[in-house]
Amino acid sequence: MSRGVWVRFILVLGLLAGCAALAVNVKPNLGLDLRGGAQFVFEAEGTEQTPATAENVDKTLEVLRGRVDALGVAESVLVRQGENRILVELPGVTSDEEAQEAEERIGTTAKLTIHEVLSEAQPDAEPSDEGNLVLPSDQGDTLEIGPTVIQGEQISGASAVQRDQSVEWVVAIDFNGEGGSTWADITGDAACNPTGDPKRRIAIVLDNEIITSPEVNEGIGCDVGIRGGSTDITGDYTADSAKDLAALIEGGALPLELKAISDRLVGPSLGAAAIDASIEAGIIGLILTGLFIIVVYRLVGAMATVALASYALLAYAMLVGLGSTLTLPGLAGFVLAIGMAIDANVLVFERAREEYAAYPSAGLRRALQVGFNKAWTAIIDSNVTTLLAAALLFFLGSGPIKGFGVTLSIGVIASMISALIIARVLCDLAVANKGVNRKPAISGLGSVGKVRTWLDRKDPDIMKNRGRWLAVSGAATVFAIAGIAVQGLNLGVEFTGGRQLDYSVSQDISVEEARAAVSDAGFPEAVVQTADTADFTVRTGEITNDEEQRIEDELSAIGGDVSKIDDQLIGASLGEELRNNALIAFGVAFLAQLLYLAFRFKWTFGVSAVIAMAHDVLIVVGIFAWLEKPIDGIFLAAAMTIIGLSVNDTVVVFDRVRERWHGSKPEDDFSTLANKAAVETIPRTVNTGLGTMFILAALAILGGDSLRDFSIALLIGLVVGTYSSVFTATPLVTYFQEKWPMSRVKKEKVERAPEDSGAVV
């Protein structure tokens, strides 16, 4: 055994030890569903110029969202209640002191203004003229500033950016038309003063505090000023300090004044029993998956199972190290990423089996090395496509969708480390044993397996009936679209809004019992939490007074006398903006997948994969429509994950198709080779699918209502995606090949000799 293998093994142990230390010493940030938090209600008070309409309250809500983000509270919820109220929920804020501080920072009515600097002043000096102010500045001195020249509402946006690939951070500010003109005038006046003169500075004031007072730089001409409706504030900013200043500027002027009318601490939206059940389901699923991998791949399967166990440690350490917030959908994202790690191991082992069957004299270790090398491109391509989907969730989503994108990304990266580094080192050590080499069947790589042997013997011609398979896919898509058209989509409360009801009961009952009662009343999807101002708060969709009475009756049956403390209409936390963002995310996801696959394969392969992906998502949505299951934020996360699952399967098949085509003879037929490639990948598809299904099935059966629909959506997506990779995407690419053929020869860089320059040699 080479020294290098032991060195890598020691490095792996060091990595896992570091992750263990991080996991033990750093506490995770838990979301509202797992830990509870603080809940505030603010009422917007309008003026003659800015009435407290729903439209203006929605604008105010977006400003508040920036303030909440500046607090560093992830996975927060902000929704409009009725016409002029805003509900804010902050996970992890569990003490009265934290809640009070958060309320003051969020709801304080701020006034952002911009002023010309007149002179430097003494800290206790009086203004020289009426309308002037003497304030301490951000640079440690005290300035006398003139009257307001630009109001906060004349600033249309502020952000932290890096210009022209520079490592320096700046704060970019955009003005509306009038604000831009005034900015040009005052910076032109300031530029007429020498460098270092206080009059060359401009003061931006928030609540009578100068938050920045930059000097107009030397490149700006006197009486010319900074034109174009935007400007950059430069300085020794870090990424965090630039973002903090941008948040203060952009969120500094609320369109409406806010009055806090209620604040309370609420318990987790998922009960302890539901959380424990979901964790137990995940553990059971992992154990079943590990046993399955060991049965199929024996010794190397056992090593891969150990690597999968290390995945959990890696992913958790990355989560707490990055300060990400862990929610129940996030936990599901981690579990799903295990499927990616399983797939990587299965790809390697199937390739290694093929190599050993072809060259048994080269030995198991050589076969394993070739297996990793040949599976590398498919593993990278499939994981990159999933990371693309996760990135889109993060940048285009909000709330739990954004958080799911973060945890899915962490999970995919951890799964790649687990499969390509840890599993490789452990498998290398296992197959290097002389006893294992004398009895290769122990390794799990000694034969191609019963499924592959049966397929090689039968040699099924799937592409012979490619038209029939595409017809089946078309019929399934029509069936799904019909479900959406006929049944409509059962949008969850995040999309539709609804009612929030607060109850007190005379007898002690647990939140799990309250949830069961609300479910018995006909509302299993309702969110039930404990609260410090009432025994229970119930958030459900739009319901009538008779339906609300049913909830009271069910609660009174187990809790005695029921008093309704509050009854509020709530807006959609995932409303029109989220719906638009979701549609944009799907569109951009399709385009990103198409471009990536066109770059890695050919545009015809990209189009085939995207069509299959749309087919998979439509069928899952259609089935949920026919079953009248809720379409909510968690389902959106599932749908975006199905995109990754679908392309992952298709990429594996396409990678084998490309490999066979590039190595083929001129007389070989593309459809025949594509059929052979699809058949060769079936063992991998079956084993990966079953391994992932163990986890999802355990979550669906044992994970409780909170994860059941999520798991069902992914199970359907996994089955449909597995089908479509072979029976939809591959037949499509064979048709496209007939119309727009792909070259047999790989494009390679050609080294050219330098042209004759006429020199004498």
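The values are calculated or read from the model by the stated rules, or taken from the named source; none is laboratory data. Quick caveat: nothing in here was measured; it's all calculated off a predicted structure. All Cβ positions, even for glycine, are placed from backbone atoms using ideal geometry, and neighbour counts span all protein chains on display.
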_Just to be sure before I move on: is residue 672 surrounded by fewer than 21 Cβ atoms within 10 Å (Cβ to Cβ) and either without any contact (Cβ under 8 Å) to a residue 24 or more places away in the chain or assigned by TED's automatic domain parsing to the domain that holds residue 610 (or both) in the structure I sent?_
yes
_List the residue pairs whose Cβ atoms are under 8 Å apart, where the first residue sits in segment 230-246 and is assigned by TED's automatic domain parsing to the domain that holds residue 209 and part of a strand (DSSP E or B), the second is modelled with pLDDT under 85 and not polar (S, T, N, Q), and the two are 6 or more positions apart or on different chains._
232/163; 233/245; 237/245
*Go through segment 520-549 and count every residue that is free of Cβ contacts under 8 Å to residues at least 60 places away in the same chain and not in a loop (DSSP other than H, G, I, E, B).*
10
*asked:* Checking the condition at pLDDT 75 or above and either within 25 Å of the chain's Cα centre (by Cα) or surrounded by fewer than 18 Cβ atoms within 10 Å (Cβ to Cβ) (or both), which residue from 282, 228, 290 passes?
replied: 228
*When residues of segment 552-568 are limited to those that are β-branched (Val, Ile, Thr) and in contact with a helix residue (DSSP H, G or I) (Cβ under 6 Å, 6 or more places away or on another chain), the one nearest to residue 540 (Cα to Cα)*: 562
*Kindly indicate whether any position in segment 124-131 is touching a Leu at 6+ places or on another chain (Cβ under 8 Å) and surrounded by 16 or more Cβ atoms within 10 Å (Cβ to Cβ).*
no
*Can you run down the residue pairs with Cβ atoms below 6 Å, 6 or more apart or on separate chains, where the first is in segment 681-693 and touching a residue at least 24 places away in the same chain (Cβ under 8 Å) and the partner is of a type in the set (Ser, Thr, Tyr)?*
685/722; 689/722; 691/289
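Given segment 53-153, what strands (runs of 3 or more DSSP E) lie entirely inside it while holding 2 or more residues that are of a type in the set (A, V, I, L, M, F, W, C), closer than 30 Å to residue 198 by Cα and at pLDDT below 75?
Passing ranges: none, list empty.
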*With respect to the numbered conditions (1) within 30 Å of the chain's Cα centre (by Cα); (2) surrounded by fewer than 14 Cβ atoms within 10 Å (Cβ to Cβ), which one is the sole condition not fulfilled by residue 418?*
(2)
*Taking residue 336, is it crowded, with 23+ Cβ neighbours inside 10 Å and at pLDDT 85 or above?*
no
*Would you mention how many residues in segment 590-635 are touching a residue at least 24 places away in the same chain (Cβ under 8 Å) and either closer than 30 Å to residue 525 by Cα or not in a helix (DSSP H, G or I) (or both)?*
24
*Matching residues, segment 550-589, being in a strand (DSSP E or B) and at pLDDT below 70*: 570
*Take segment 650-669 and flag every residue that is acidic (Asp, Glu) and crowded, with 19+ Cβ neighbours inside 10 Å.*
655
*Given (1) touching a helix residue (DSSP H, G or I) at 6+ places or on another chain (Cβ under 8 Å); (2) outside any strand (DSSP E or B), number of the condition residue 24 does not satisfy*: (1)
_Lone qualifier among 220, 155, 186 - being of a type in the set (A, V, I, L, M), surrounded by 13 or more Cβ atoms within 10 Å (Cβ to Cβ), within 40 Å of the chain's Cα centre (by Cα) and in the same structural domain as residue 121 (by TED's automatic domain parsing)_ = 155
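Identify the residue in segment 116-140 that is in contact (Cβ under 8 Å) with a residue 40 or more places away in the chain and more than 41 Å from the chain's Cα centre (by Cα) and, among all such residues, is nearest to residue 243 (Cα to Cα). Step through it out loud before you land on a result.
Taking segment 116-140 and keeping what is in contact (Cβ under 8 Å) with a residue 40 or more places away in the chain, we get 116-120, 133, 135-139.
Next, only the ones that are more than 41 Å from the chain's Cα centre (by Cα) stay: 116-120, 133, 135-136.
Values: 116: 24, 117: 24, 118: 28, 119: 29, 120: 28, 133: 27, 135: 24, 136: 22 Å.
The selected residue is 136.
Yes/no matrix, rows are residues, columns are (1) at pLDDT below 85; (2) touching a Lys or Arg at 6+ places or on another chain (Cβ under 8 Å); (3) assigned by TED's automatic domain parsing to the domain that holds residue 629:
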site: 492; (1), (2), (3): yes, no, no
site: 502; (1), (2), (3): no, yes, no
site: 506; (1), (2), (3): no, no, no
site: 519; (1), (2), (3): no, no, no
site: 526; (1), (2), (3): yes, yes, no
site: 531; (1), (2), (3): yes, yes, no
_Name the residue that is farthest from residue 248 (Cα to Cα), counting only residues in segment 194-213 that are polar (S, T, N, Q) and surrounded by 14 or more Cβ atoms within 10 Å (Cβ to Cβ)._
213
*Residue pairs meeting the criteria (Cβ under 7 Å; at least 6 apart or on separate chains; first assigned by TED's automatic domain parsing to the domain that holds residue 149, in segment 167-182; second of a type in the set (S, T, N, Q) and crowded, with 21+ Cβ neighbours inside 10 Å)*: 173/231
*Positions within segment 485-525 being under 27 Å from residue 85 (Cβ atoms) and among the charged types (D, E, K, R), in sequence order*: 494, 499, 502, 515, 525
*segment 508-517, subset modelled with pLDDT of 85 or more and either farther than 12 Å from residue 267 by Cα or touching a Pro at 6+ places or on another chain (Cβ under 9 Å) (or both), residue surrounded by the fewest Cβ atoms within 10 Å (Cβ to Cβ)*: 508
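So that you can scan it fast, the table gives a plain yes or no per residue for (1) more than 26 Å from residue 653 (Cα to Cα); (2) outside any helix (DSSP H, G or I); (3) not charged (D, E, K, R):
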residue: 410; (1), (2), (3): no, no, yes
residue: 424; (1), (2), (3): no, no, no
residue: 442; (1), (2), (3): yes, no, yes
residue: 469; (1), (2), (3): no, no, yes
residue: 474; (1), (2), (3): no, no, yes
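Only residues that are more than 26 Å from residue 134 (Cβ to Cβ) and in a loop (DSSP other than H, G, I, E, B): list them for segment 162-211, please.
163, 164, 165, 166, 167, 168, 176
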